[in-house]
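One structure is given below, encoded as structure tokens.
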Amino acid sequence: NAGVMQNPRHLVRRRGQEARLRCSPMKGHSHVYWYRQLPEEGLKFMVYLQKENIIDESGMPKERFSAEFPKEGPSILRIQQVVRGDSAAYFCASSPTGQDVEQYFGPGTRLTVT
Amino acid sequence: GQQVMQIPQYQHVQEGEDFTTYCNSSTTLSNIQWYKQRPGGHPVFLIQLVKSGEVKKQKRLTFQFGEAKKNSSLHITATQTTDVGTYFCAEPTDKLIFGTGTRLQVFP
């Protein structure tokens, strides 16, 4: 059973470009979460999605960031007009039920903005 | 807002020494989870504690949930180099609220 998959693993973007990060949850999991980890810091919640629905986006910056989890295909975290401060590791996690259960994390996408 | 603090921030130990990290919340926690993140890696679930005063063991790791459900601890007996990494507690609600983490370095 494949785990949570994320791609790309490393992404380099120039300031002002767009970054698209993809996440495929574990088989049978319909709950997806995105977390951001700045260098040498902890993990911060960004957004929680179920298929075609955003459940909680309280951790998402108000501008430039968006997320989706379509009926078919992976979840996408999109960052428009990236700035240097967006450089971080972005982790996706999934769970089967979304309530007080273990979350399974993907390997992360390391975004570097030059 | 919710805050989950962990101490210490860093800990360097000699292989074979014990290690403890403490997690403190400003609010009463329903449950608490612990994760380990190896350097360059991703968080991996270790355990969930649910009951007040609960103690669970996994080989050399002992996890405890405080009586008031506002704090928790992770104790590692006789550390090994494979224990290196950052240990996070997290409050599971509809999302995970992570603690600040304790980075453990083990010297052989």
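Here are some notes:
- Scanning the range A:3-28 for residues that are under 17 Å from A:VAL113 (Cα atoms) and either of a type in the set (Asp, Glu) or not in a strand (DSSP E or B) (or both) yields A:PRO8, A:ARG9, A:ARG14, A:ARG15, A:GLY16, A:GLN17, A:GLU18.
- A single member of B:LEU46, B:LEU29, B:LEU96 is within 14 Å of chain A (Cβ to nearest Cβ), surrounded by 14 or more Cβ atoms within 10 Å (Cβ to Cβ) and over 25 Å from A:LEU38 (Cα atoms), and it is B:LEU29.
- Annotation: B:GLU15 fulfils all but one of (1) acidic (Asp, Glu); (2) under 30 Å from A:ILE54 (Cβ atoms); (3) surrounded by fewer than 18 Cβ atoms within 10 Å (Cβ to Cβ); the unmet one is (2).
- Of the strands (runs of 3 or more DSSP E) that lie entirely inside the range A:29-114, those containing 1 or more residues that are touching a Ser or Thr at 6+ places or on another chain (Cβ under 6 Å), free of Cβ contacts under 8 Å to residues at least 60 places away in the same chain and open to solvent by 30 Å² or more (accessible area, probe 1.4 Å) span A:43-50.
- Among the residues listed as B:THR102, B:THR79, the single one being over 22 Å from A:SER94 (Cβ atoms), within 14 Å of another protein chain (Cβ to nearest Cβ) and among the polar types (S, T, N, Q): B:THR102
The values are calculated or read from the model by the stated rules, or taken from the named source; none is laboratory data. Just so you know, these numbers come straight off a predicted model, no measurement behind them. Glycine gets a Cβ as well: all are built from the backbone with ideal geometry, and neighbour counts include every protein chain shown. To get the accessible areas, we keep the full protein, side chains included, count just its heavy atoms, and leave off ligands, DNA and RNA. Shrake-Rupley method; radii C 1.70, N 1.55, O 1.52, S 1.80 Å.
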